[in-house]
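Below: one structure, written as structure tokens.
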Amino acid sequence: MMGYTAAEFRRRTLKDLTHPDYLGQQMKLHQELMEGKRESYQFQTKNIHKHGHDVYLSVHVTPLRDQEGKISRLIIMAENITDRLKFEKELRDSNAYLKSIYEGSDIGVFVVDVVGDGEYRYIGISPVHEKLMQLKNEDVAGKSPDDLKFHLGEEIPDYIKNVYNKCVRNKIAIESEFFGIIEGKGDWWLNRVTPLINDEGNVYRLIGTGIIITERKIAEKALQASELKFRNYVNHAPDGIVVMNRIGNIVEINDAAVTITGYTRSDLLKMNIMDFHAEDERKEFQNLFHELLVTGKMNGEVTFRRKNGGLGMAIISAVRLSDDSFLSFISDITEMKRLQNLEARAEKLELAGTIAGQIAHDFNNLLGPIMGYPELIHEELPKDHPAHAYLEIIESAAHKIANINQDLLTMSRRGHYSQEVLDLNLLVKQAAAEMEASYDKVTVETELYDGLMYIKGGSAQINRMLGNLLNNACDAMEGAGKIYLKTENYYADVARVGYSRLPKGEYVKLTVRDSGCGIPNEILQKIFDPFFTTKSADRRRGSGLGLSVVDAVVKDHDGYIDIESMINEGTSFTIYLPITRENIKDDSHEELIGGTESMLIVDDDEIQRKVCGKLLQNLGYQVSAVASGEEAVEFLKNNPQDLVILDMIMPGGLDGAQTFQRLREINPKQRTIIISGFSESEKVRRAQRLGAGAFAGKPLTKRKLAAVVRNELDDSRGLMKD
């Protein structure tokens, strides 16, 4: 206790060991004992440890007497109470502190006894809690949570007991929020319950605090609404919004940035702004980024790479938010640039066409004698004259010039030709046969749709277009390889953008695919320019007019071109030519069966409604038409129909599958057939599982429509559909 050895202790006096503040009292007690005024004594004292710190002792002194009754020795028993006194002081200080909190805190405090398994009794509540609860301490002390149901309602006491149970079971503090109504006024509460644990490790008491947080909840809700509103603004912004730090790492993005770049949100948040530029493209953007770091703002036009490797153009502007945060706006102008280039190209083509037309006019005048005189000279010369060979060379060259001249006329779009109904399959077969006859090492594979719709135009121009496409494919393969030709009917439900913009409508689709060298991206946009060629001077037909003629013919026929090409894998040209329903040949001898039933056409395309309606009326049916699923629902409520002809793709409202479900709610036995420009999708199959009838692909023919309509109306199983 004192730090001394026995020998050291024997040399110490009471004065050496006792703290001066306690020495006087101890000497007094000792004197009284020696004078016989006390038989023993007990006291608390403070001694000085060998190493100088204080030691508190509880001392009991008993005298030992000799035969004469005099005190000969003292037996002193001492207990070290330093730690106990320290604990008692801390306890007193803690109790005083807790009392100050309990009575003076601006938050409510309550104390709960754990009296059994799931049983609790309130010891008391603080003055502040009295005000919050609108109850007096005496109304609560000794009560259980269930006793307060009269004041708190049925639900809150059960909720409180569940919190207490969780606190006792897990021996951890529990914080909870709940909404309570007291005296007709509803408030949000925040309670925290802390367990007190005894020496046996059991929770014997709970100390709780409570505050009303209604204003905070209102503020939080307002803040959340504000943040949601702001985030909606940001995410619905058409431009990409990117927050980055001073080294270019991306820390936040909006939905448009995901769409523009093609990366996922998680991908972007791991990237640096420089990652969108190849090594040889970074210098331009690095200069802009340096400007941002120095001046706090930047604005410029940059080239970037999407996830799929494609190039895009963007206007990027940025400002400094803080020392390590910058806000940038990215506007994708790729399509705008493409359209500007197309417009510039169209102007250039128009100018080139004008010039080409003038040249072709002059060529025609000059070609007359060059093509006519050799024939006369042949007749006047002896048959064995050596000049005949020279004349044949002149005639051959003149015919080639005439072909080029015809290309010039076509490119200038000044060629005059009659409009006639054409079967593209026949023209493709003819062009394929001529190509195979001209090249021993070229194979032409065809896949021609048997029910191909007709087009309207000039057969000579279409032949010239096909010939130039096939010659271009053959040159790309260096005279050896496979060319694939395919025709099909195609309906574009919505406008889409590829190499050119394809409007909504009905087309005959021609695909010409080769196995050649492919077209590099840097020249892909130039291939239709007049006189542009990659052929060397010694290669045949190196005039550079071939694909520009294709472009002109397609435009003359109100058609569209799309291109896909990969280096060393080949090129695919896709031509879309509008269909015509004029003079449609009917090679079938089967009679078209119509009827007099009533039917409703549901299609968002006005032209499709008119075409389908006219075909049905010619078959004898009573036809009505609406432009949307919503209109169809309203119409059928008061106008029952024998059959509904339902388009599956109708953007902007109910689609075909949704419309069908609504129609079946009106009439569970409603007969319906489905039409679409797309192949049978899951939506179509889902509608058919629900009871819809046949599926017919667009574009529609009279024979196709007559068959599916009659089959559905005559199908006895249709009466059983539910």
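The values are calculated or read from the model by the stated rules, or taken from the named source; none is laboratory data. Quick caveat, the model's predicted, so the values are computed rather than measured. Positions of Cβ are backbone-derived with ideal geometry, glycine not excepted, and every protein chain shown enters the neighbour counts. Side chains are part of the model used for accessible areas, which takes the heavy atoms of the whole protein and leaves out ligands, DNA and RNA. Shrake-Rupley method; radii C 1.70, N 1.55, O 1.52, S 1.80 Å.
Pairs of Cα atoms nearer than 8 Å and 6+ residues apart set the relative contact order; for the stretch 140-207 it is 22 percent. Taking a straight line from the alpha carbon of Lys297, these lysines sit under 28 Å away, with near neighbours fewer than eight places off in the same chain left out: Lys229, Lys270, Lys283, Lys307, Lys337. Taking a straight line from the alpha carbon of Lys614, these lysines sit under 23 Å away, with near neighbours fewer than eight places off in the same chain left out: Lys456, Lys504, Lys585, Lys698, Lys702, Lys704.
For the stretch 441-518, the per residue solvent-accessible surface stands at 38 Å², with DNA, RNA and ligands left out and a 1.4 Å probe. Computed from the C-beta positions of Glu119 and Glu630 and an R0 of 60 Å, the FRET efficiency is 0.45 to the nearest 0.05.
Note on the stretch 4-90: Kirkwood radius taken over Cα pairs, Stokes-Einstein applied at 37 °C and 0.692 mPa s, translational D equal to 230 µm² s⁻¹.
Quotient of the Cα radius of gyration of the stretch 240-316 and 2.2 N^0.38 Å, N being its number of residues: 1.03.
Gyration tensor over the Cα atoms of the stretch 424-501: the corresponding equivalent ellipsoid has semi-axes (square roots of 5 times the eigenvalues, largest first) of 24, 16, 13 Å. For the pair Ile71 and Ala219, label points projected 7 Å from Cα toward Cβ lie 7.1 nm apart. Once the Cβ-Cβ distance of Glu379 and Glu284 is raised to the sixth power relative to R0 = 60 Å, the FRET efficiency obtained is 0.30.
For Lys28 and Ala433 in the same chain, what is the full-extension length gain: residue separation times 0.36 nm, less their Cα-Cα distance, in nm?
Length difference between fully extended and current span is 132.1 nm.
The calculated FRET efficiency for the pair Arg320 and Asp450, based on their C-beta separation and a Förster distance of 60 Å, comes to about 0.35.
Take peptides 609-622, 641-654 and line them up by average Cβ neighbours within 10 Å, highest first, as a rough protection proxy.
Per-residue Cβ counts within 10 Å, averaged per peptide and sorted highest first, yield 641-654, 609-622.
Spin-label model, Tyr204 to Asp558: label points 7 Å out along the Cα-to-beta-carbon direction sit 9.7 nm apart.
Annotation: lysines with alpha-carbon distance below 18 angstrom to Lys28 (same-chain offsets under eight excluded): Lys15, Lys37, Lys46.
Taking 0.36 nm per residue of separation and subtracting the current Cα-Cα distance, fully stretching the chain between Leu426 and Glu591 would add 56.8 nm. Multiplying the residue separation of Asp146 and Asn232 by 0.36 nm and subtracting their alpha-carbon distance yields 26.4 nm.
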